[in-house]
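As structure tokens, the structure follows; a few thoughts come after it.
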Amino acid sequence: MEQYALEQLKTIAKVSTTCKRLELTRRERILRWAESLERSPRPFLKTLHETEYQPIADRIAMRDDDTPISVAFADPILRAAGMEDDSYGEAKRFFELSDGELHELVCFCHFGERVSAATVARRVRKMADPKPSGFFAQLRAFFG
């Protein structure tokens, strides 16, 4: 692949240096991730090994090809909305997930070496509309 300086490109093409980021809500981003997983050409994806035991700096940098996170990063809509790479830390930031939530989606300890893209898609969808947990939280949600 050839690389050109911005000034060189301007001589052969119209170049816009401003790019408006696509604004999506957290729910829209998560649902788009689920849709990407459902359309994945790979029925099985790699997991990340022992995310919960990694030091924070290592955990944030974790990545691999053909993971549920890399499927999200391959989606042009999610990249236009601001997803910057396919690391664990970026998925946590971009989808506004806790370590526990992301662990449930991508960790080896839940699925083994590989996980069905459809399985992860179902779990991701559930995170789009989280239900209150705990007895009292459910009572508050029920009674308003």
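For this structure, a couple of remarks:
- Among the residues of segment 20-34, the ones that are closer than 14 Å to P68 by Cα and either without any contact (Cβ under 8 Å) to a residue 60 or more places away in the chain or part of a loop (DSSP other than H, G, I, E, B) (or both) come to 1 in all.
- All of R42, R27, R21, R32 fail the test of being under 23 Å from A118 (Cα atoms) and at pLDDT below 95, apart from R42.
- The single condition among (1) in a helix (DSSP H, G or I); (2) more than 15 Å from V71 (Cα to Cα) that V120 does not meet is (2).
- Residue ID - farthest from A61 (Cα to Cα), chosen from residues in segment 93-115 that are part of a helix (DSSP H, G or I) and of a type in the set (A, V, I, L, M): L105
- Of note, L105 does not satisfy the criterion of being touching a residue at least 40 places away in the same chain (Cβ under 8 Å) and either surrounded by fewer than 11 Cβ atoms within 10 Å (Cβ to Cβ) or not acidic (D, E) (or both).
- Test set (1) surrounded by 14 or more Cβ atoms within 10 Å (Cβ to Cβ); (2) modelled with pLDDT under 95; (3) assigned to a loop (DSSP other than H, G, I, E, B) - K131 fails condition number: (1)
- Counted residues, segment 72-96 - those being in contact with a Leu (Cβ under 8 Å, 6 or more places away or on another chain) and farther than 17 Å from E23 by Cα: 2
A quick yes/no check of all residues on (1) over 17 Å from D99 (Cα atoms); (2) of a type outside the set (D, E); (3) surrounded by 17 or more Cβ atoms within 10 Å (Cβ to Cβ):
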| position | (1), (2), (3) |
| --- | --- |
| P41 | yes, yes, no |
| T47 | no, yes, yes |
| I56 | no, yes, no |
| A61 | no, yes, no |
| D64 | yes, no, no |
| V71 | yes, yes, yes |
| A81 | yes, yes, yes |
| E84 | yes, no, no |
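The values are calculated or read from the model by the stated rules, or taken from the named source; none is laboratory data. Only a predicted model underlies this, so the values are computations on that prediction, with no experimental measurement involved. Counting neighbours? That spans all protein chains shown, and the Cβs are built from the backbone with ideal geometry, glycine included.
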